[in-house]
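Reading through the structure tokens given below for one structure.
Every number here is computed from the coordinates shown, using simple stated rules; none is lab data. Computed from a predicted model, the values in this text were never measured in an experiment. Glycine gets a Cβ as well: all are built from the backbone with ideal geometry, and neighbour counts include every protein chain shown.
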Amino acid sequence: MRQYAMRRLAYMPLIVVVVSIITFFTLRLPFANDPTTLYVNQNTTVEQEQAIRKELGIDKPVFEQFVIWMGNVVRGDLGHTFRSNQPVWPEIQRRWPVNFEILVLSVTFSTLFGVSFGVITAVRQNSITDYAFRVFAVFGQSIPEFFLLILLIVLPSLWWNYSPPVGGHVSIFDDPWTNLRLYLPPTILLGIGGAAGMMRLTRSTLLEVFRQDYMRTARAKGLAGNSVVLRHGLRNALIPIVTLLGGHITALFFGSLILEQIFSINGLGQFFLISALTSDFPVVQFLVLYTAVVVVAMNLLIDLSYAVIDPRVKYS
Amino acid sequence: MDHENYWNRRMRRRRLLGGAGTVALGGTAWALAGCGDDDDSGGSSASPTSDAGVNPGTLTAATPTTAGEVVKKDGTLKSRQGAIFASINPYSGLDSGLTWGFTIFDHLWYTPLDTGVRENFLAASIEQQDPLHFTVKLQDSVFHDKAPANGRAVKASDVKASLESAAKQTKISNSSWWTQVFDHIETPDDKTVNFVLKAVDAWGFSSTNGGSPIASSILPEEIAKDPTFMDKDLVGSGRFQFVSHENGANFKLKRFEKWRVSGEPYLAGLNYKLVQEQAAALAAFSAQEIDAVALNNKLEREDLDKKHGKSIVIDSVDSRAVWLVQTRADGQWADPRVRQAIYLALDRKEMINLMNFGEGKLAGPVPPAFGEAITSAEVDATYGKTDVAEAKKLLGATTFDLNKEYQLKYIVPGDRYQQFAQIVQSQMQKNLGIKIKLVGEDFGKWLAQSLYGSDYDGFITYPSLEYDDPSSYIGSYTKQIGGRPNWAAFQDDELDGLVIKQKTILDDKERRAAVQAIQKKAYEKAAPYIPTFIALSNTANWGYVKGRVVGRGSYGLFSGKTYIDKG
């Protein structure tokens, strides 16, 4: 397995470089946005525009720009943002705690609700409980997140003049109550929304597993119902669930843009969106590197987890 | 003409703007910068519009400090921040420039909207030797106690360095006064600032020009020489000191105890809280997480009024942003009959109904709030007129190509920009058969490439900025706008000459007449900047926010007498 992991990791730099090249040159295609346009006013002369271009480092030939940028990245220098003139890496670091908390809470809730409801509906197939949870799942998947989150703000305001705290991220260590008031309701809601798909997948996979011979054997041996379902059934149903979960985690690594926007949380999602809209090249280029690394790493972790979940899976 | 007298008396008298004009300057400026809500609009109060151009809204009487009221110092005012700032550097963005200009930085003077009379701030006196020279004597004042100024006195050299640096900045939304009128400053001693101008400009002291809350901000000389310092920290000599921010949001400011006005500001601090969605802002206001909120329309106003009654105060004022339709003036658009047809085919009342639930006013190029605006009767007969039959006839007599699909460029994101663009598209198609493809562009590209660079094939739509002098509204008729060729490729010698000339007329009455004549002339010539209407702006405040200065435009933001009284 180690060899397999090393081989997969060896591909990572290649993937990162290829993706970076594509992004770098796409951003600079003639029809793409020229970032200089953000930094001029009606009095700006052509000479001043050229000076801005130089200041941003986009006055040189594109290939030369790429070589300079790649060289800097290899040395650990990700450059400065165009918009705030701050080093890119600290800008990311400062926003990371926000997204880490959203990621942990959302994944926890979606897994908790999704897997537990999936198990319940599989065990009680075709019962009223099963139908009720399946209806809930259809709703959960069909109602857009932004609508649910807006309701989470509007309804408490209408009923009790309540609002989630505004004023930015508060660390859970500094003020746990405010932190949880800010993050808990939306992440529970997102968790419920995200749980819908996981519940359906858990249910269908478990039902498939329940029909296997080894499940019949476990029951015939007289094992307790819980033990049959959780130890023998759920474990064998975990591979697709983990795959889905991996996708959720990967997506949340880039921030939950809608949650951030509606709850006015200044996290990575908003940072990346605004940077992309304003052609903030150093940030967008870093984002692509980050995306490539996260996707490759998460896929590898998921693949390796298969062998842990199911000993029959061997990597050679 | 007695120039000395001219410069020291009222430049012009405007109608009272009232209420939330203070918020409006920043608000609309931010909106146009793509950094905030596109909420120029709003409803009005149920009260009839007064002669002063003010809709008093509900319960405005509770807002100001009443006689005998005990001032309670040390409260913190919580304001909404609608969008994340790209940078805290005031030289990098309109949003940060305006916010800090009203709080952290001091200025030599400011010209309130309602009186048009310049008021001295840091300036102890201003003497005008001739239209190209004036001398400012400074009061005593000190910078905030932070590096690199460390609480030292403000000197004339700081003013020189600040203003000359601001004039060179490309990222500030400076008016052309800074490049075409302002020349340089001489400082014979620490307390004397001699301004030298290149050209006469009767509007020079307005807050659009030499009194700009951004460009006239006084920085320590060390910072003015290296403005990148402000990417990380802000040091001024204004009423409030910069404390902290969270990646361009959630700013905290505290009172500057050595502010030159003793005993002020009453507030111990200002907290700007990031609230991006309007629904979240309304909820935050109702929960008193923020103390004021701008309202999008009359439905929101009525809802809040019903919910909170006399506990809140809602100010409703005429916006100074005019929704504009801009065509081209070259190629087949050069025939004035084409542009006249478009003037006549636009149904402004339908626009007001669709965008503002019927609450808005028809406008000429200069918004009705200004004394220099043409009368509403004149607007009705000219800019406000809709005559589809005549429009078709005019267009039919030209060689205008109706088989072609034209562009209409507007700013994204922003629901209202899109809504206005869609209405124009629909009216042009329905009334004239002009096919239009909507092209939404992010603000930077739209502004620099499409508007400033005249890169559009047909139409461009936007609300004008909320300028503080009427000259700026008619500035688009000149052959050169700022340092660039006319945005619509409109090259009219007569209008160009008239606009340039009015800036040099130092007599108030004559200049007002000249501005009005230009507006009428622009209609006759079907200038390609077609004004449609202005919306009304509503702002709700909790009644416990006392001592607010209302009705004085952005000047109210300089007040140090606001305080919180929660009983």
* Structure fact -> In the set A:LEU184, A:LEU223, A:LEU207, A:LEU190, the lone residue that is in contact (Cβ under 8 Å) with a residue 24 or more places away in the chain, more than 23 Å from A:PRO240 (Cβ to Cβ) and aliphatic (A, V, I, L, M) is A:LEU184
* Asked: Considering B:ALA283, B:ALA287, which residue is among the hydrophobic types (A, V, I, L, M, F, W, C), within 14 Å of chain A (Cβ to nearest Cβ), surrounded by fewer than 21 Cβ atoms within 10 Å (Cβ to Cβ) and more than 16 Å from B:SER537 (Cβ to Cβ)?
  -> B:ALA287
* Taking the residues in the stretch A:135-149 that are assigned to a helix (DSSP H, G or I) and surrounded by fewer than 17 Cβ atoms within 10 Å (Cβ to Cβ) as candidates, determine which candidate is nearest to the other protein chains (Cβ to nearest Cβ). => A:PHE146
* To do: Within the stretch A:59-97, track down each residue that is within 14 Å of chain B (Cβ to nearest Cβ) and outside any helix (DSSP H, G or I).
  => A:HIS80, A:THR81, A:PHE82, A:ARG83, A:SER84, A:ASN85, A:GLN86, A:PRO87
* Would you point out the residue of the stretch A:158-186, among those that are of a type in the set (D, E, K, R) and either at the interface with chain B (Cβ under 9 Å from one of its Cβ atoms) or in a loop (DSSP other than H, G, I, E, B) (or both), that is nearest to A:ARG94 (Cα to Cα)? => A:ASP174
* Could you run through the stretch A:248-260 and say how many residues are free of Cβ contacts under 8 Å to residues at least 24 places away in the same chain and more than 16 Å from A:ARG95 (Cβ to Cβ)? => 1
* In the stretch B:452-567, which helices (runs of 4 or more DSSP H) lie fully inside it and hold 3 or more residues that are over 23 Å from B:GLY204 (Cα atoms) and charged (D, E, K, R)? -> B:508-524
* To do: Answer yes or no: is there a residue in the stretch B:139-158 that is assigned to a helix (DSSP H, G or I), surrounded by 21 or more Cβ atoms within 10 Å (Cβ to Cβ), of a type in the set (Ser, Thr, Tyr) and away from chain A (no Cβ under 14 Å).
  => no
* **Filter result for the condition that a residue is crowded, with 18+ Cβ neighbours inside 10 Å, touching a Gly at 6+ places or on another chain (Cβ under 9 Å), under 26 Å from A:ASN99 (Cβ atoms) and small (Gly, Ala, Ser), over A:GLY193, A:GLY168** => A:GLY193
* Structure fact -> The one condition B:LYS521 fails out of (1) surrounded by fewer than 24 Cβ atoms within 10 Å (Cβ to Cβ); (2) touching a Lys or Arg at 6+ places or on another chain (Cβ under 9 Å); (3) over 21 Å from B:GLN180 (Cα atoms) is (2)
* To do: For B:GLY444, state whether it is within 22 Å of A:VAL40 (Cβ to Cβ), more than 20 Å from the chain's Cα centre (by Cα) and surrounded by 15 or more Cβ atoms within 10 Å (Cβ to Cβ).
  => no
* **Pick from the stretch A:4-51, criterion among the charged types (D, E, K, R), away from chain B (no Cβ under 13 Å) and part of a helix (DSSP H, G or I), ranking: farthest from B:ILE172 (Cα to Cα)** => A:ARG7
* Structure fact -> Residue count, the stretch B:76-123, condition in a loop (DSSP other than H, G, I, E, B), of a type in the set (S, T, N, Q) and over 19 Å from B:ASP226 (Cα atoms), comes to 3
* **Conditions (1) over 26 Å from B:THR386 (Cβ atoms); (2) away from chain A (no Cβ under 14 Å); (3) more than 21 Å from the chain's Cα centre (by Cα); (4) hydroxyl-bearing (Ser, Thr, Tyr): number failed by B:SER454** => (2)
* To do: Please state which one of B:ALA421, B:ALA391 is over 23 Å from the mean Cα position of the chain (by Cα) and either over 30 Å from B:THR111 (Cα atoms) or touching a residue at least 24 places away in the same chain (Cβ under 8 Å) (or both).
  => B:ALA391
* Can you give me the number of residues within the stretch B:474-497 that are aromatic (Phe, Trp, Tyr) and either surrounded by fewer than 19 Cβ atoms within 10 Å (Cβ to Cβ) or within 14 Å of chain A (Cβ to nearest Cβ) (or both)? => 1
